[in-house]
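Participant: My structure is below; once you've seen it, I'll send some questions.
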Amino acid sequence: MKTETSQQKSLPNWEELLEVAQQNTTAKWISRPGQTPATATISSHLHRLSPGEKPSVLLYRDTHGWCPFCERVWFALEEKQIPFETELIDLSNKPQWYKDMVPTALVPAVKIEGELVYESKDILLALEKKFDRFPLLPIASQERSAALDMIENFDANGLVKSGYAFLRGKPANSEQSTETIPEQIAAQLLNLQTTFETKSDQLEVTLGQYPGVYFMGEFSLVDIMYTPALRRFAANLPVFRGYSLYDNDRFPRLNQWLTAINKRSSYQRIKPSARTNNLIIFFVGLIPHRLHGVQNYLGLESPCNFPPVSCLLSPVSFFNMHKLFGVQPIHKNKSLSVTQPQPHGEVESQTEEYSMEAAARLSSNYQTVIADIIKNSGIKKWVIQETLPSIELAIDRHLRRLVHCLIEGSIPLFSDKPVDSKTDQQNEGKEEPAADAAVGAIALAFLRNRVCVPRDMSAGAAVALETTIDAMLSSIY
Ligand SMILES: N[C@@H](CCC(=O)N[C@@H](CS)C(=O)NCC(=O)O)C(=O)O
C-alpha cells in the first residue's frame, strides 16, 4: 500500500468510483429491487450458457448466507461449474409457497430441470448423478462406496454434535447447563472437550486413509460434507473456548485439510469469514437443531430491515439475545475477541481484485449503507434535525474516501484531508476537524462490524475493507 499523496486528494463522485471498481473486479451480483438483501451473488458459471438459455438448476437458500447446509450445495455447484439461479428464502418468515413445496420446509432445496430435491446430502448426490462433468465421487468402486459410506454416516459419527456441545458448554439437547458451581462447570467443559477431541482423533485417522490432503485423496463430496461445520469450529472454538484447531499438533492432517479448503478457488465466493461465523454464534446463540432459523423466535426486529451491505442485528436485540442464548467469548487471552477477523492459518491474501470488489460493493450500494449508519449506529440521537443533512454529507465523504483508498491501494491519513467541493461548499469553511473525525469514526467502525460474509461481499473483499478501515481509524485523531 502507498500513502495517500497530494495528487490523489481530489475525491471522485460515486459514479466515477463505481465505474473504476467494476472494471477491475470479476465478482458479479444481481439486484433484487425492493427485497432484502437487495443484491445476491450469482453463479460464477452463468456465462457458460448460450444467450437466452435458462440454467437447469435453481437453488433455494437462506437470505443471509448463514446456513451450513446451503453452503454445501452452493460449494458443489461452483466446484462442478454448474450455472444456477438462486432464490433466497427468508427463514424468519418463510413464504407459504415454499412450505407447501418442500415437505421439511427447510433450506436448502433445489430444482434440477424442474424436479425438486431437498436435504443437502440428497441434493449433492442428485447433482452428482445428473452432472458428470467434474465428478466429486471416486470412480473406483471400492473407494466410491467408502466415500458414500462416509457421506451416509456423517451425522452418525457424532463429530459435529460433539463440536457444538463443546461450543455451547452444555451437553447436546440441553438448554440449561447441568452444573452451576464453577469447578463443576469447568469439569463439564473438560468432558465436552475430551469427547470432541476423541471424535477429532478419529477424523485424523480417516484423513490419513488415502494419500493426499483430502478425505479420499482427491477432493470429493466427503470434503464438502465436512467443510461448513469444521470451518465454523476452527473459527468459533478459539474465541468461545480458547481452543484452537489450527496449529494444534494433535491434528496435523486436519490442519492441512482446513488450509487446503480455505484456499480452494471455487470456495472463495461462498465461504463465510471467521468474523461472520463468530458474530453469528455471539448474536444468535446456539439452539440445537435450529441453528439459524431462529430470528422471530428470539424476538428480533424483522430481518427485512437489514440493508444489503450491513448485517447482523440492532444493538438492542444483540443484548437481549446475548443474555438469552448467546455463548460468551472467553477473555483469558486478551488477544482473542468475538470480532477477531481471522484465526491463525486463515489470513486472506490481499489482492487488488478483493479491494476492487469491496469498492464496487460499497459504491453500488452507498445510499443504503449511509441510511443504515444513520438509522442504526446511534448517531441520530446526538444530532438535531437541522444538522442531519451535513452529517449525511460527512458520512458520504468518509465512505468515498474509503472506496477511493481501496481503489488506489493507498493508506488514508485523516489529517491529509482531500478536497471535496460538494461538502466544502456546503460547510462554507465552518467544518470542525474533531467533529468531522467523530462522524467518520462512527461511520467507519459501524460499517466494518456490519459486513456479513458471504452475503455482502466475499471473505477476501471483507478483509480488504476491514484493513483499510482500520488504517483510516488508526490515524483519525
Ligand atoms: N438436514 C437438513 C438440515 C437443513 C436445515 O436445518 N436448514 C435450516 C437452516 S441452517 C433451516 O432451514 N431452518 C429453518 C427452520 O428451522 O424453519 C439438510 O441437510 O439439508
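Just so it is clear, none of the values below were taken in a lab; they were calculated from the coordinates. Note that the coordinates shown come from a computational prediction; the quantities given were computed from them, not determined experimentally. Here Cβ is always computed from backbone atoms with ideal geometry, including for glycine, and neighbour counts include all displayed protein chains.
Participant: With a ≥ b ≥ c taken as the square roots of the eigenvalues of the C-alpha gyration tensor of region 6-45, please select rounded if a/c is under 1.5 and otherwise prolate if a/b is larger than b/c or oblate if it is not?
Facilitator: Oblate, since a/c reaches 1.5 and b/c is not below a/b.
Participant: Ranking request for peptides 451-463, 257-269: highest mean number of other beta-carbon atoms within 10 Å first, then the rest in descending order.
Facilitator: With the highest mean Cβ count within 10 Å placed first, the list reads 451-463, 257-269.
Participant: How large are Rg and Dmax for region 42-130 when only the alpha carbon atoms are used, in Å?
Facilitator: According to the Cα coordinates of region 42-130, Rg and Dmax are 12.5, 37 Å.
Participant: Here is a follow-up. Identify the GluC sites (Glu not before Pro) of region 1-95 meeting these criteria: DSSP loop state and at most 13 other C-beta atoms within 10 Å of the C-beta.
Facilitator: Here the sparse-neighbourhood loop sites are Glu53.
Participant: What is the magnitude of the charge dipole of region 42-130 about its Cα centre, with +1 placed on the Cβ of each Lys and Arg, -1 on the Cβ of each Asp and Glu, and no other charges, expressed in debye to the nearest 20?
Facilitator: Once rounded to the nearest 20, the dipole reads 80 debye.
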